[in-house]
Amino acid sequence: MKFATKAIHAGQEPDPTTGAVMTPIYQTSTYWQASPGDNKGYEYSRGTNPTRKALEDCLAALENAKYGLAFSSGMGATDAVMKLLLPGDEVITGNDLYGGSYRIFTKIFANYGIKFHFLDLSDPAIIYDYVNENTKMVWIETPTNPTMQVVDIEAVSKISKEKNLMLVVDNTFASPYLQNPMDMGADVVMHSVTKYIGGHSDVVMGALVMNDEELYQRLWFIYNSCGATPGPMDSFLVLRGIKTLHLRMKAHCENGRKVAEFLKGHPKVKHVFWPGFPDSPNHEIAKKQMRDFGGMISITLNDADLQETFRVASNFKVFTLAESLGGVESLINHPATMTHASIPKETREKAGVTDNLLRLSVGVEDIDDLLEDLKQALS
Ligand code: P1T
């Protein structure tokens, strides 16, 4: 099945009891058992719920994976992956990550004896310099949040396989419509479903997909034991949102391109971070592993201190100043003080997350209104 068909149908059948075409919201915490253990495959909704199961099967199908698990947030999904590790284990990851990922690595899992190496992965061969007998996992985000670096998934996967490391790819910024890391050798794909997959800024959710059955069982055990699983109403909302993922992504990409091109020539803008420009670093890799370049764009402003950057960020009338991304509405964010505030200033500045950087999540409104808003806000 092709992507658009899977987005609408995967994991979903008419309800066997009533024939309902849309998957019902099974708003139940528990399930009847004729005698102990004699049930219909469902016991308790922390572990399994039919609405969530339909969503998980759909998510797996969109990423060309066998198994899917939905979590109550992207961070819940990340937390579960990290719980595969033991004290003394080491992880190799990028130097530009969502601030919350950096925070859970350095402030939570570092306390449990796990060591993280934050590297510039523009040349994946750097991984060889940091692998030792304790290294167990490589965690990459691509494109990165917020500087849109593109990491070569196939190259990282090759090294990970050679060194027997589990490769996890945070595919939030691309969405499964633009990029399928499982096809390039990832072991696990992680999503903040809150973003493009949910698509309407009304649900916080995360997901993991994988092919290996034993890994699925281990992750399901963590998911059921630790309990960061989403409820049926949120699962339903995401199933509903997914049905237009392909349509929304096309519009995000189209508007994103026009906004990026507009910003590139603007006198107030110093640099535009968007992998679609032929002269952007890793453009060739982006072309190889992504189907288009998406609607996430960051910019730095010319001659702008923090105050001037705040002034510009607060000037918008159609773009909304808010954290998050990937919804139908356009958002603007100041990473240094909002989404990436938990990264020490020196560390984030090294990765290019400076005080004059703004991140745009280009929505699917009329492009004329978006460009007009940018024009007036940057004046
Ligand atoms: O917010 P949550 O659903 O828990 O997902 C965390 C997360 C993980 N990975 C990436 C790449 C992300 O961007 C996020 C969440 N990011 C934001 C809230 C943001 O505005 O960048």
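Does segment 276-292 contain any residue that is within 16 Å of the chain's Cα centre (by Cα), surrounded by 22 or more Cβ atoms within 10 Å (Cβ to Cβ) and within 16 Å of the ligand (Cβ to nearest atom)?
yes
Filter segment 329-379 down to residues that are within 12 Å of the ligand (Cβ to nearest atom) and of a type in the set (Ser, Thr, Tyr), then give me how many there are.
Going through segment 329-379 one residue at a time, the tally reaches 3.
Residue by residue through segment 179-216, note down the ones that are buried (at least 20 other Cβ atoms within 10 Å of the Cβ) and part of a helix (DSSP H, G or I).
Pro181, Met182, Tyr216
Looking only at residues in segment 109-162 that are in a loop (DSSP other than H, G, I, E, B) and of a type in the set (Gly, Ala, Ser), which one is farthest from the ligand (Cβ to nearest atom)?
The qualifying residue farthest from the ligand (Cβ to nearest atom) is Gly113.
Please state which of the following conditions Lys250 fails to meet, knowing it meets all the rest: (1) surrounded by fewer than 19 Cβ atoms within 10 Å (Cβ to Cβ); (2) not in a helix (DSSP H, G or I).
Result: Lys250 fails condition (2) only.
If only one of Tyr67, Tyr44 is of a type in the set (Phe, Trp, Tyr), modelled with pLDDT of 95 or more and farther than 25 Å from Ala186 by Cα, which one is it? Explain how you work it out, then say what you get.
Working: Tyr67 fails: farther than 25 Å from Ala186 by Cα.
One residue alone meets the criteria, Tyr44.
How many residues, within segment 25-74, are part of a loop (DSSP other than H, G, I, E, B), surrounded by 23 or more Cβ atoms within 10 Å (Cβ to Cβ) and more than 16 Å from the ligand (Cβ to nearest atom)?
Residues of segment 25-74 part of a loop (DSSP other than H, G, I, E, B): 25-29, 31-43, 45-49, 63-66, 72-73.
The next check asks that each one be surrounded by 23 or more Cβ atoms within 10 Å (Cβ to Cβ); those that pass are 49, 63, 65.
From what's left, more than 16 Å from the ligand (Cβ to nearest atom): 49, 65.
Going through segment 25-74 one residue at a time, the tally reaches 2.
If Tyr223 meets every condition in (1) surrounded by fewer than 20 Cβ atoms within 10 Å (Cβ to Cβ); (2) within 16 Å of the ligand (Cβ to nearest atom) apart from one, which number is that one?
That leaves (1) as the condition not met.
Please go through segment 29-47 and pick out each residue that is out of contact with any Pro (no Cβ under 8 Å at 6 or more places or on another chain) and in contact (Cβ under 8 Å) with a residue 12 or more places away in the chain.
Ser29, Thr30, Tyr31, Glu43, Tyr44, Arg46, Gly47
Go through Thr23, Thr30 for me and flag whichever is β-branched (Val, Ile, Thr), under 22 Å from Leu69 (Cβ atoms) and out of contact with any helix residue (DSSP H, G or I) (no Cβ under 9 Å at 6 or more places or on another chain).
From the options Thr23, Thr30, the qualifying one is Thr30.
Let me confirm something: among Ala286, Ala304, which residue is hydrophobic (A, V, I, L, M, F, W, C), in contact with a Gly (Cβ under 9 Å, 6 or more places away or on another chain), more than 14 Å from Ser361 (Cα to Cα) and not assigned by TED's automatic domain parsing to the domain that holds Lys195?
Sole residue among the options that is hydrophobic (A, V, I, L, M, F, W, C), in contact with a Gly (Cβ under 9 Å, 6 or more places away or on another chain), more than 14 Å from Ser361 (Cα to Cα) and not assigned by TED's automatic domain parsing to the domain that holds Lys195: Ala286.
Go through segment 167-176 and report how many residues are closer than 15 Å to Ser361 by Cβ and either in a loop (DSSP other than H, G, I, E, B) or not polar (S, T, N, Q) (or both).
3
So, Ala228, is that one in the same structural domain as Pro50 (by TED's automatic domain parsing), part of a loop (DSSP other than H, G, I, E, B), surrounded by fewer than 21 Cβ atoms within 10 Å (Cβ to Cβ) and in contact with a helix residue (DSSP H, G or I) (Cβ under 9 Å, 6 or more places away or on another chain) or not?
When the stated conditions are applied, Ala228 passes them.
Any residue at all in segment 204-223 that is within 22 Å of Val362 (Cβ to Cβ), among the aliphatic types (A, V, I, L, M) and more than 22 Å from the chain's Cα centre (by Cα)?
Within segment 204-223 (the criterion being within 22 Å of Val362 (Cβ to Cβ), among the aliphatic types (A, V, I, L, M) and more than 22 Å from the chain's Cα centre (by Cα)), the answer is no, since none of the residues qualifies.
How about segment 76-108: which of its residues are more than 15 Å from the ligand (Cβ to nearest atom) and either assigned to a loop (DSSP other than H, G, I, E, B) or over 22 Å from the mean Cα position of the chain (by Cα) (or both)?
Listed by number, the residues that qualify are Lys83, Leu84, Leu85, Leu86, Pro87, Gly88, Asp89, Glu90.
Kindly indicate which of Ser361, Ser379 is within 18 Å of the chain's Cα centre (by Cα) and either assigned by TED's automatic domain parsing to the domain that holds Met249 or surrounded by fewer than 17 Cβ atoms within 10 Å (Cβ to Cβ) (or both).
Working: Ser379 fails: within 18 Å of the chain's Cα centre (by Cα).
Every option except Ser361 fails the conditions.
Pick from Gly295, Gly326: which is at positive phi, within 16 Å of the ligand (Cβ to nearest atom) and not assigned by TED's automatic domain parsing to the domain that holds Gly94?
On the way: Gly295 fails: at positive phi.
Just one listed residue meets the conditions, Gly326.
The values are calculated or read from the model by the stated rules, or taken from the named source; none is laboratory data. Because the structure is predicted, anything quoted here is derived from the model rather than measured. Positions of Cβ are generated from backbone atoms using ideal geometry, with glycine treated the same way; all protein chains shown enter the neighbour counts.
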